[in-house]
1. Does the range 106-131 hold any residues that are of a type in the set (D, E, K, R) and either farther than 16 Å from residue 21 by Cα or in contact with a Gly (Cβ under 7 Å, 6 or more places away or on another chain) (or both), and which are they?
2. Touching a strand residue (DSSP E or B) at 6+ places or on another chain (Cβ under 8 Å), under 17 Å from residue 149 (Cβ atoms) and in contact (Cβ under 8 Å) with a residue 60 or more places away in the chain: does that describe residue 34?
3. Could you please find all residues in the range 193-216 being open to solvent by 40 Å² or more (accessible area, probe 1.4 Å) and modelled with pLDDT of 95 or more?
4. Could you pull out the residue among 269, 284, 242 that is farther than 29 Å from residue 185 by Cβ and either within 23 Å of the chain's Cα centre (by Cα) or surrounded by fewer than 19 Cβ atoms within 10 Å (Cβ to Cβ) (or both)?
5. Between a residue in the range 67-82 that is among the β-branched types (Val, Ile, Thr) and any residue that is in a strand (DSSP E or B) and surrounded by fewer than 18 Cβ atoms within 10 Å (Cβ to Cβ), which pairs come within a Cβ distance under 6 Å, given they are 6 or more apart or on different chains?
6. Which members of the range 140-176 meet the condition of being over 23 Å from residue 101 (Cα atoms), modelled with pLDDT of 90 or more and among the aliphatic types (A, V, I, L, M)?
7. Just one of the numbered conditions (1) at pLDDT 95 or above; (2) of a type outside the set (Ser, Thr, Tyr); (3) open to solvent by 30 Å² or more (accessible area, probe 1.4 Å) is not true of residue 113; which one?
8. Given the range 36-109, what strands (runs of 3 or more DSSP E) lie entirely inside it while holding 3 or more residues that are at pLDDT 90 or above and more than 19 Å from the chain's Cα centre (by Cα)?
Amino acid sequence: MPQILTPDMVEAKYGTLFCKSFITMVDDKNGCAQIVETCSAKGPREWDFVNRKRTGGIITDINSDGEKLIMNTVIGDRDLKFGPASSELGGQGVFSLQVEGDRVRTKWRGIAGASVGVGACIPQCKDVIETVYPDDFKIGGANTAEVEIVTKKMVRMVIGVDDTDTPQQGASWVSSLKMGKECPYGKFIDHKIIQLNPKAPNKTTNCCSTAVSLAVEEKDIPNVIEYAKEFLRKESYSDDTVMTVFIGLNIPKELEEWSWNAKSVLYTVEEAKEIAERNGVQIVEVTGNKGTIGAVAAIGCFDLGIKAAGVPEDFE
């Protein structure tokens, strides 16, 4: 009969291991999800990266960013591709992700030492609700382990911000980072500084907007919006502060292209409102509306990697 263990029970059984965070964000509309795992050591993170990439399964893309492993997946089931490497190299992978109400269930398989990662390390992370073990479960050595890890269903919330400062005081990137780090709901994931058109007539100095991403439960989306709005209202030195909100893992292509162009094109507030409305971006006027262009572009540039921080000529 399967055994169900909480993180505290797993830690008591196997001792303290190394997973610091394990978050599952779901985008039902696009049939995809993102698993963000934070590990306290480089060795297992690098090994997991290579092995999960090799075995494929439901993973469509995997990246390493600092302490984090970021895995983009489909929602559903896909076979793992251990192949001939399994007998000589071991292996590890995730082959199923199913949404069950406000929970997500992922199924993992690990061979040899990799069985410890999926059988004891991730399951004791405090973000995990519970782990289901088969009755013949064995860990380590030459064993193959298969477990089901259950976590909260989260969504990605990207909040763009522009125009909280003046030429005399303040910095929007600082305000947004504090806002994300101090948010009482969900989990802070990432922060970006977005370089915009340096020829913009209403800029302060650098002409940058900024954005943060959070993993939140769907029920908390209104709470986060209200929290962010009030936080920025108190932090802002400007009468033109705007925040934008986008829910999902896939930034629409039209919005991404428009936002990239905002680094060299001078758009109007009305044009920014139009592109936002077509692409599911909510605009929240905090103290005014002149920050609309930058706050919308911050959403569109969020997934551009290092390009978000530069202008087109930096990458020619």
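The values are calculated or read from the model by the stated rules, or taken from the named source; none is laboratory data. What you are looking at is a predicted structure, and each value in this text was computed from that prediction instead of being measured. When we count neighbours, we look across all protein chains shown, and the Cβ atoms used for this are built from the backbone with ideal geometry, even at glycine. What goes into the accessible areas is simple: the full protein's heavy atoms, side chains included, and nothing from ligands, DNA or RNA. Shrake-Rupley method; radii C 1.70, N 1.55, O 1.52, S 1.80 Å.
1. So in the range 106-131, the residues of a type in the set (D, E, K, R) come out as 107, 109, 126-127, 130.
Across the range 106-131, the qualifying residues are 107, 109.
2. Working: touching a strand residue (DSSP E or B) at 6+ places or on another chain (Cβ under 8 Å): yes; under 17 Å from residue 149 (Cβ atoms): yes; in contact (Cβ under 8 Å) with a residue 60 or more places away in the chain: yes.
So residue 34 passes the test.
3. 193
4. On the way: 284 fails: farther than 29 Å from residue 185 by Cβ; 242 fails: farther than 29 Å from residue 185 by Cβ.
On inspection, the qualifying residue turns out to be 269.
5. Hits for this filter: 70/63.
6. Correct list: 159, 161, 174.
7. (1)
8. 91-100
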